[in-house]
1. Using Cβ contacts closer than 10 Å as the measure, can you line up K116, K142 from fewest to most?
2. With a Förster radius of 41 Å, plug the Cβ-Cβ distance of V76 and A133 into 1/(1 + (r/R0)^6) and report the FRET value to the nearest 0.05.
3. First select every other residue whose beta carbon is under 14 angstrom from the beta carbon of Y30; then total the charges, Lys and Arg +1, Asp and Glu -1.
4. With the crude spin-label approximation of a point 7 Å out along Cα→Cβ, what separation in nm comes out for A101 versus A60?
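Just so it is clear, none of the values below were taken in a lab; they were calculated from the coordinates. What you are looking at is a predicted structure, and each value in this text was computed from that prediction instead of being measured. A quick note on method: Cβ atoms are made from the backbone with ideal geometry, for glycine too, and the neighbour counts reach across all protein chains shown.
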Amino acid sequence: MGLLASLLSGFASGETVAAIRRARTAAIVYALAALASFCGLGFLVGAAYIWAAARYGSFAAALGFGVGFLVIAGLVLLIHSLMSGARARREARRRSADMKAIGITAALAVLPALLKGKGGLGVILGPVVALAAYAIYRENVKPDDPDAGEGK
């Protein structure tokens, strides 16, 4: 309740509006700086092309810049592909850990009610024994050998 009162009092005092105004101004300044940086990079690329064209000829400079930019694009896509795969695996591990934590929390929350009920300990031990039996079964079953059917 204290956090809500703090937010409401900040909004009423105009502090929130001032913070939003500062954030908007900062976003505009950063956008203008990024635009100026891109223009500067464009002129640097143009200057490098003029230098290369004067030294090696227009066709060779255009060909070299074209190949160079295609290589850069390929590297960017390759790095993105590698990073997104790693990110997906990391997110899958995090989701799995979160689901385990939620399951354990839910089980611990329901445990007192199950122990007080008519079935008591039997209601809890039945599924636990079944899960243990399934885990033992999975551990002892050999995986299918893909080369077994070829007669090797």
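1. Fewest to most other Cβ atoms nearby, the residues stand as K142, K116.
2. Numbers: r = 51 Å, r/R0 = 1.25.
For V76 and A133, the calculated efficiency is 0.20.
3. Result for the local shell: +2.
4. 6.1
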